[in-house]
1. For the range 293-326, name all the residues that are farther than 16 Å from Pro167 by Cα, of a type in the set (D, E, K, R) and out of contact with any Cys (no Cβ under 9 Å at 6 or more places or on another chain).
2. Only residues that are out of contact with any Leu (no Cβ under 8 Å at 6 or more places or on another chain) and either within 30 Å of Gln457 (Cβ to Cβ) or of a type in the set (A, V, I, L, M) (or both): list them for the range 282-326, please.
3. Looking only at the range 504-527, how many residues end up being part of a strand (DSSP E or B) and closer than 27 Å to Arg791 by Cα?
4. Only residues that are within 13 Å of Leu192 (Cβ to Cβ) and among the β-branched types (Val, Ile, Thr): list them for the range 215-239, please.
5. Inspect all residues belonging to the range 177-185 and state whether any of them is modelled with pLDDT under 95 and closer than 30 Å to Ala45 by Cβ.
6. Every residue in the range 540-560 that is under 26 Å from the mean Cα position of the chain (by Cα), open to solvent by 10 Å² or more (accessible area, probe 1.4 Å) and touching a residue at least 60 places away in the same chain (Cβ under 8 Å), please.
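The values are calculated or read from the model by the stated rules, or taken from the named source; none is laboratory data. As the structure is a computational prediction, the values presented were derived from the model and not from experiment. For neighbour counting, all protein chains shown are included, and Cβ atoms are generated from backbone atoms with ideal geometry for every residue, glycine included. In case anyone asks, the SASA skips ligands and DNA or RNA and just uses the protein heavy atoms, side chains included. Shrake-Rupley method; radii C 1.70, N 1.55, O 1.52, S 1.80 Å.
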Amino acid sequence: MKKSILKRVIPPVLTLCVILTGSLWTISCKDDYLYDDSEPEWLGASIYDYLKENGNYEYYTRLIEDADYTPILSKTGSKTLFVADDDAFGRFFESNFWGISSYENLSLAQKKIILKFSMIDNAFLIENFANFYNGSLQTGTALRRHTSVSVLDTIPFESGEMLPKGPLWDIYREKGIYLLKDATLWPTVHFLQTPLQEAGISNSDFNLITSVERNDNDVHIFNIKVIEKDITCKNGYIHVLEDVLIPPSNIAQHLRENPNTKIFAELLERFCAPYYNEEQTEDYNKIHPDQPIDTIFEKRFFTELTPRYPDGTLIKSELLLPFDPGMNLYGSFTDMAAILCPTDDAMHNYFESGSGSILKERYGTWENVPDDIAMLLLKRHLRESFLATTPGRFDEMSDSENSPLPVTRSDIKGSYVGLNGVVYYTSTVYPPDDYVSVYGPLLFSERTKVFNWAVRQNDFRLYLNSLLSRYSFFVPTDDFFNNYIDPVAYAKDVKAVLKYWYNTKESTVNATVYQYNAVTGEVGDSVNVITNTVFLKERLLDFLDSHIVIGDVELGSNYYFTKNGNLLKIEGQGNDLKVQGGHDIEKGIKINVVENGVYDQANGKTYFIDKPIQTPLRSVYRILSETPGFSDFYALLNGFTGSSTEIFVKKTNYYGIDFNLKFFNTFNYTVYVPTNQAIQDAITAGLIKDWDMINAITDGTEKEAEIKKLERFLRYHFQDNSVIIGGEPVNALYQTATIKTDEEETQFRTYKDKYYRLKITGDGTNLSLSTEDYGSANVIKDNGLYNIMARDYIFNNNPQAFMEIDGTGIGADFSSSSITTSSTAVIHQIDNVLRFE
């Protein structure tokens, strides 16, 4: 048999646990027991003799005898036993999950398990169970201690339905395997007054954790009360329990065996496999040479400690659990794990209604939910620390991504204390934010793999999952993710559109390049395929930013800002909603929501749409230079040619599609353009001079003063923040691009060295402007020169420094181009010039 051997690595916090049976622990941590090798006459009987002579421990002494432990427990040494009297065994035989009705029905393996699980290989008074050694003596915080059980005491042979579901187990299903549920030691969990106080666990908390009542100073081993403690014998101590101590399962095995948690358990067991354990196989065969076993397997869950499949293949990081719920020794002396496990009824109810119905619509059954999506749910419910999951801390719990977990006491319908943690049975499913946020529909859909890849690559998951915000998220479906005009290519000779598509074989996104006629809008043949991940990730980041609106878009306004400052035009609602970006508006293209493509989520709405939103491809420079009605204003702006005074720039740090405005800085702006007549009237009135007049001035100082005056005049027409007709009503002051340089009082009382302001008012159908000099102007709607959207891109280099997008030409590879940032603007024509003096 070819065997894959994968050693389990014990984390540092667990290394200490191994010391328990070593000399260091024995010397440092047990009670001072002076009679390991001699026995004073006054000390009394041995543990075995005490139980034998007492008369009420017949069953327990039979366990000792049948397990061949009479010599060990009759001599000097140091042991601690948690025993149960005959009355307790009588109750045990009446009802137990083993189905044992009499002592005679117990197998030898079961007898050994009962005995050795109630035995600790050191002598401890009850009060000292809370102490442990960790470089120095730690007092009052321990909750766990190792027992004498050996994992080789019983090795079950399992096959068929006894094994978990899945292909990693199917190969053994028919022939069966010897399978250890875990290969680490079996600890007890003890609850003493001091550790409980240290952990902030009240008696009512204890009741919720164990389902038993507790009074102050009571001691419990798991949920069994110690009714007599510290019986001193010559070879250790006896503590009497109210009931027989039967080893509980680890929490993973318990969920598998519990008939009310099958759904959650099956999801959990997708992430485990049988691993050949060479060490345990060799040890077992040394102990049992007459009954050798060829191969002993160990059931392990996928974690950072077990990051590979049995064949050695690396497991994807997103399929690793936060801890191994089947590892008996998970945690430390002072802590262990916890699981918030929804009952099957809770899982059914979640799937059939509420936010879980989207899962049912997509996958039909829990069995069909993909592993990566199931893992998100599991991680939300698996808690690495029991102490951080006690009832007193329910109202402050959050998951690993700091999202609150809204657990209440009334949600808890039962509990179980296992070897390595506590299970709370809950009547509620606590879905991960991925399920309920605007990201959820994208995550679940087979039609949105491109955008899902973009979200993952650009670390947008947590952003979209924020339940403290509200979003409108527009998602082009994969079959419509085409004809996107690349802005860098738009600046070059070879214009092109891209079709983004998901490469299933490589689990990544590619983009096919198609020829594009910018004049006619016609799309031609494919000419290239881009596979550069950095390029695709960066371009799709710009996509994401322009497809997310912070807030709702069905509030009655026609325009809303995207995350990166672009404006979207919205018409209609729900499935009849239509959306347009700046370029779409220019070309008369309306983007539709696909059929049944609206998802109402906990933090907003997700809209599946039939085309990517195309933001503006025209710069402010291009719009002003190509629009006849803006010609005089443009001529004044374009006259600044010196490096210190130029307004339109095309150089390092400013390279865009053509020329960019120098004083734009990754924000959204409004540009108010006076009519040509208003500009001429201002020149005639002597308010400003045109460039012919300025260039005719021979005095250098006077000329410089006029240039500066003109620059300040023009910059007062550029406003921070975009305002638009058709948007929300407005009545506010906004900064312009002109700085106040004197102390003269103005209408808006702007201080020196601050930017002059404009007051903008409008009811949604119009815009009026008031200026610092008490002047006014209005946006003109009659000629259609309003609400014109522009975007000034800044690229990482001059577009001409790159090859063409089809691979022709010279220069750097086109896929090395990137969008560094951009600014957006809305341009309106106004009926008057704006003055601040």
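1. Of everything in the range 293-326, those that are farther than 16 Å from Pro167 by Cα, of a type in the set (D, E, K, R) and out of contact with any Cys (no Cβ under 9 Å at 6 or more places or on another chain) turn out to be Asp294, Glu298, Glu304, Lys316, Glu318.
2. Ile293, Leu305, Asp311, Thr313, Leu314, Ile315, Lys316, Ser317, Glu318, Leu319, Leu320
3. 10
4. Val219, Ile221, Val226
5. yes
6. If the condition is that a residue be under 26 Å from the mean Cα position of the chain (by Cα), open to solvent by 10 Å² or more (accessible area, probe 1.4 Å) and touching a residue at least 60 places away in the same chain (Cβ under 8 Å), then Leu541, Asp542, Ile550, Gly551, Asp552 are the ones that fit.
Yes or no, residue by residue, for (1) in contact (Cβ under 8 Å) with a residue 40 or more places away in the chain; (2) crowded, with 16+ Cβ neighbours inside 10 Å; (3) in a strand (DSSP E or B); (4) of a type in the set (Asp, Glu):
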| site | (1), (2), (3), (4) |
| --- | --- |
| Gly392 | yes, no, no, no |
| Asp395 | no, no, no, yes |
| Glu401 | yes, no, no, yes |
| Pro406 | no, no, no, no |
| Ser410 | no, no, no, no |
| Val417 | yes, yes, yes, no |
| Val423 | yes, yes, yes, no |
| Val429 | yes, yes, no, no |
| Tyr435 | yes, yes, no, no |
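Here is a yes/no grid of residues against (1) charged (D, E, K, R); (2) in contact (Cβ under 8 Å) with a residue 40 or more places away in the chain; (3) over 30 Å from Lys650 (Cβ atoms); (4) part of a helix (DSSP H, G or I):
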residue	(1), (2), (3), (4)
Arg456	yes, no, yes, yes
Tyr463	no, no, yes, yes
Ser472	no, yes, yes, no
Val497	no, no, no, no
Tyr502	no, yes, yes, no
